[in-house]
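First comes the structure, then the notes that go with it.
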Amino acid sequence: MNVRLPIGDFSRMTHLSVKALRHYHDVGLLDPVEIDPTSGYRFYEASQVPVAQVIRRFRDLGMPLEEVKAVLRAPDVASRNAVIVAHLERMESQLEDTQSTVVSLRTLLERPPASIAVEYRSVPATPAVAIVEEVGAEDIDAWWMHAFSELYAQLRSADVAPSGPSGALYANELFEDERGEVVAFVPVMDRVEVSGRASTFEVPAAELAIALHRGPFSQLDQTYGALGTYVVERELGVEGPIREYYLVGLADTEDESQHRTEVGWPVFQTTSETPPSA
């Protein structure tokens, strides 16, 4: 004989709050076996306790409700495990991001601000292949990876070698409004037939104050801060997109400490001399 369990008892048995149980019922994740038509009280069975405990553990791991539902309704073990493994892989990626953020934060807290070497450079207009799109700040990392993968794939297909390091232009709106135009480009000397999102593009000439960032992208904001301070203190800044050049990146080495990125801030004018460090 199945014993009906009031929602309060079921809550204590599963360590799921009454509020959570009601929500799981509303979204179709865990239905009570009976609802009193007069009072609206929900009742459960003892056989549902293990299911509720599984749900709680997946939720403790941050698994979205739709994925928990997919696990519970999987037609076979392989389908169930595929959903679980995909979530665990995302957790591992998030853990790596968290560890990277912790390292960056320790660097900010434990090391005094370093002086920054700034070079003034007059950059000529440069032919390139590029992908130009409006991008949200929350999507920029994934967009960046896909854009450059697509550009380099098209160059390989056309048997055309880049004529210099790849780069990107970031509109001010991306930083100020969390959405703005981004140009991912790879310079080329030869004319290239491209398709899809890619197009031929002329990277505009610019007068830049440039600083070299050494290390992972997760700490790139420190170079932005130092370079921006340098430019503002000298009242050199003009309107225009921030520019990055990727001298050493993931395509060259997975060791992020060896990555090298030039950050270019638009300024009034440049000279051939390198200014003193700030």
Worksheet item: List pairs: first in the stretch 220-231 and within 18 Å of G249 (Cα to Cα), second aliphatic (A, V, I, L, M), Cβ under 6 Å, 6+ apart or cross-chain?
Response: T223/A211; T223/V263
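Would you point out the residue of the stretch 148-179, among those that are part of a strand (DSSP E or B) and in contact with a Pro (Cβ under 7 Å, 6 or more places away or on another chain), that is surrounded by the fewest Cβ atoms within 10 Å (Cβ to Cβ)?
Going residue by residue through the stretch 148-179, those that are part of a strand (DSSP E or B) are 167-170, 179.
Those still in the list that are in contact with a Pro (Cβ under 7 Å, 6 or more places away or on another chain) too: 169-170.
Working: L169: 22, Y170: 18.
Checking each candidate, the answer is Y170.
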Worksheet item: Out of curiosity, is R260 crowded, with 18+ Cβ neighbours inside 10 Å, assigned by TED's automatic domain parsing to the domain that holds F148 and not small (G, A, S)?
Response: no
Worksheet, complete the sentence: For the stretch 180-216 the number of residues that are buried (at least 16 other Cβ atoms within 10 Å of the Cβ) and free of Cβ contacts under 8 Å to residues at least 60 places away in the same chain is 8
Worksheet item: Among V71, V103, which is modelled with pLDDT under 75 and either in the same structural domain as V231 (by TED's automatic domain parsing) or of a type in the set (V, I, T) (or both)?
Response: V103
Item to complete: Report, by residue number, each residue of the stretch 245-257 that is surrounded by fewer than 19 Cβ atoms within 10 Å (Cβ to Cβ), of a type outside the set (A, V, I, L, M, F, W, C) and outside any loop (DSSP other than H, G, I, E, B).
Response: E256, S257
Response to the item:
Within the stretch 217-237, of all residues that are of a type in the set (A, V, I, L, M, F, W, C), buried (at least 17 other Cβ atoms within 10 Å of the Cβ) and outside any loop (DSSP other than H, G, I, E, B), the one modelled with the lowest pLDDT is F217
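With loosely packed, with under 14 Cβ neighbours inside 10 Å, among the hydroxyl-bearing types (S, T, Y), modelled with pLDDT of 90 or more and out of contact with any His (no Cβ under 8 Å at 6 or more places or on another chain) as the only criterion, which of S11, S17, S79 stands out? Can you show your working first?
Numbers: S11 fails: loosely packed, with under 14 Cβ neighbours inside 10 Å; S79 fails: modelled with pLDDT of 90 or more.
Result of the check over S11, S17, S79: S17.
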Item to complete: Test S195 against the criterion of being closer than 25 Å to Q99 by Cα and outside any strand (DSSP E or B), and give yes or no.
Response: no
Worksheet item: Taking the stated definitions as given, is S39 of a type in the set (G, A, S) and farther than 30 Å from R90 by Cα?
Response: yes
Worksheet, complete the sentence: D36: passes all of (1) surrounded by 14 or more Cβ atoms within 10 Å (Cβ to Cβ); (2) at pLDDT 90 or above but (1)
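The values are calculated or read from the model by the stated rules, or taken from the named source; none is laboratory data. Computed from a prediction, not measured in an experiment: that's the story for all the values here. Glycine also receives a Cβ, built like all others from the backbone with ideal geometry; neighbour counts cover every protein chain displayed.
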